[in-house]
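One structure is given below, encoded as structure tokens.
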Amino acid sequence: MLPEMDALVEIFRLQLEREKLKLQRKFLHKRKHQVPAQVAPKPKRAYRPQNKAHRTYDGYRASMIEYETAVREVVGKDGAVTHAAIYADAGGPSEKTQRREMALYGLHYDRDWPPRTWPRVSPSSRNGTN
């Protein structure tokens, strides 16, 4: 009976060794594919309009006035020029983009509307240039 017990003990020892090796390989595989923790995330860049004409306040203001004029042709002189109308009727930037670009130049999305009421110099500019 003793040799059978030795055989069973040896079988269990081999099974444990096999499981141990599998876990080690699994750990090494996961570790190999992990991103190193030392890599710092890139700092986020400031918002910059994709439309090159909108990268300056003068260009943005001129474009928005053109969009407003196009919307007035569609809705009439008494019609309301809204952010959605600029996008839908005049083919201008989306409302989200309008909000970002207005904030970039120190304009309030709801209060500073329509574009014809905007000042010639950007409200966020301190020395008259932007």
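The values are calculated or read from the model by the stated rules, or taken from the named source; none is laboratory data. Bear in mind the structure is a predicted one, so any value in this text is a computation, not a measurement. Counting neighbours? That spans all protein chains shown, and the Cβs are built from the backbone with ideal geometry, glycine included.
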Per-region count, region 89-104, residues part of a helix (DSSP H, G or I), buried (at least 19 other Cβ atoms within 10 Å of the Cβ) and not hydrophobic (A, V, I, L, M, F, W, C): 2
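Conditions tested, residue by residue: (1) at negative phi; (2) hydrophobic (A, V, I, L, M, F, W, C); (3) surrounded by 15 or more Cβ atoms within 10 Å (Cβ to Cβ); (4) touching a residue at least 12 places away in the same chain (Cβ under 8 Å).
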residue: Ala40; (1), (2), (3), (4): yes, yes, no, no
residue: Lys44; (1), (2), (3), (4): yes, no, no, no
residue: Tyr47; (1), (2), (3), (4): yes, no, no, yes
residue: Arg61; (1), (2), (3), (4): yes, no, yes, yes
residue: Ile65; (1), (2), (3), (4): yes, yes, no, yes
residue: Tyr87; (1), (2), (3), (4): yes, no, yes, no
Those residues of region 58-83 which are assigned to a helix (DSSP H, G or I) and not aliphatic (A, V, I, L, M), in sequence order: Asp58, Gly59, Tyr60, Arg61, Ser63, Glu66, Tyr67, Glu68, Thr69, Arg72, Glu73, His83
Any hit, region 107-116, residues being over 22 Å from the mean Cα position of the chain (by Cα), modelled with pLDDT of 90 or more and in a helix (DSSP H, G or I): yes
